[in-house]
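Questions regarding the structure given below will be posed in turn.
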Amino acid sequence: MAFSSFDDTSLIKHILRAGAMGYVLKNADLPTLAKAIRTVMEGEQFVDDTVQKLLLQETLTGQRRSIYDVPITKREKEILKLIAEGWSSQQIADSLFISIRTVETHRQNLNQKLDIKNAAGLIREAIKRGLID
């Protein structure tokens with residue numbers, strides 16, 4: 001059973017798919033925690049009510065809910081996907097018909113928004129936050 005402060009739906013689904021029988025947020029009250037432990041010990045799955053609501057909301061709206069919500073523009077997301085595919089700034093600029101300076105500005109903005117220093121960290125953080133698949 002996972003006991004976490006993270007309410008990032010992509011992380012929750014990953015943990016449950018990996019075999020966790022339950023997921024409880026750390027701010028859960030004592031009766032909820034006790035119920036979760038009993039349920040899992042009986043061989044059944046348990047997901048905190050708050051987490052269930054988040055997962056349902058994502059299913060109904062198609063939008064991921066995360067404590068990591070960051071305002072990323074459509075263009076930044078487009079550039080982020082190309083970075084994740086291993087494209088250079090020059091290749092991205094040529095493909096999107098923008099200057100390399102504009103690409104670099106978008107990269108800097110993404111690094112700042114996600115508090116990252118390099119491309120590998122940027123990709124890792126973007127996946128973790130559900131910004132790219």
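Every read-out reported here was derived from the displayed coordinates using simple, explicitly stated rules and does not represent laboratory data. All figures in this text were calculated on a predicted structure; none of them were measured in a lab. Cβ placement follows ideal geometry from the backbone for every residue including glycine, while neighbour counts extend to all protein chains displayed.
Let me know the shape class of region 81-124, please: from the alpha-carbon gyration tensor, a ≥ b ≥ c as square roots of the eigenvalues, rounded when a/c is under 1.5, otherwise prolate if a/b is greater than b/c, or oblate.
Note, shape of region 81-124 comes out oblate.
Could you give the angle, 0 to 90 degrees to the nearest 10, between helix 119-128's Cα long axis and the longest principal axis of the Cα atoms of the chain?
On a 0 to 90 degree scale, this one is about 40.
Same structure, new question: I need the per residue convex hull volume for the chain, using only the alpha carbons, in cubic angstrom as a whole number.
It comes to 112 Å³ per residue, whole-number rounded.
Quick one: angle between helix 100-114 and the longest Cα principal axis of the chain, in degrees between 0 and 90, rounded to 10, please.
In the chain, helix 100-114 runs at an angle near 20 degrees to the longest axis.
Right, another one. Work out from phi, with θ = phi - 60° and the Karplus expression 6.51 cos²θ - 1.76 cosθ + 1.60, the ³J(HN,Hα) of each residue of region 42-49, listed in order in whole Hz, and give x for Gly and Pro.
After applying 6.51 cos²θ - 1.76 cosθ + 1.60, I find 7, x, 9, 7, 9, 10, 3, 4 Hz.
If you don't mind, there's one more thing I want to ask. Return the sequence-ordered ³J(HN,Hα) values of region 7-22 in whole Hz as given by the Karplus equation 6.51 cos²θ - 1.76 cosθ + 1.60 applied to θ = phi - 60°, using x for Gly and Pro.
Taking θ as phi minus 60°, the curve returns 10, 6, 4, 5, 5, 4, 4, 4, 5, 5, 5, 6, x, 5, 8, x Hz for region 7-22.
What angle do you read, to the nearest 10 degrees and between 0 and 90, between the alpha-carbon axis of helix 74-84 and the longest principal axis of the chain?
Its long axis makes an angle of about 90 degrees.
Multiplying the sequence separation of F97 and R124 by 0.36 nm and subtracting their Cα-Cα distance, what value in nm do you get?
Net length gain for the segment: 7.1 nm.
Note the full-extension length gain between Q112 and L30 as 0.36 nm times their separation in residues minus their Cα-Cα distance, in nm to one decimal.
Roughly 25.7 nm would be gained on extension.
Once fully extended, how much extra length lies between E85 and V40, figured as 0.36 nm per residue of separation less the alpha-carbon to alpha-carbon distance?
Working it through step by step, the gained length comes to 12.2 nm.
Sequence-distant or interchain residues sharing an amide H contact under 5 Å with V47, placed H: which?
Answer set, sorted by chain and number: Y23.
How big is the dipole moment of the chain about its Cα centre under a simple scheme where the beta carbon of each Lys and Arg is +1, that of each Asp and Glu is -1, and everything else is neutral? Debye, nearest 20, please. Kindly include the intermediate steps, with their values, before the conclusion.
On the way: 19 positive and 17 negative charges, 50 e Å.
Using Cβ point charges on Lys, Arg, Asp and Glu, the chain gives about 240 debye.
Could you count how many Lys pairs in the chain have their Cα atoms under 26 Å apart, skipping same-chain pairs fewer than 8 positions apart?
Lysine pairs satisfying the spacing and distance rule in the chain number 24.
Another question, then. Take the alpha carbon gyration tensor of region 1-53, find the square roots of its eigenvalues, order them as a ≥ b ≥ c, and report rounded if a/c is under 1.5; if not, report prolate when a/b exceeds b/c, else oblate.
Oblate, because a/c is 1.5 or more while a/b does not exceed b/c.
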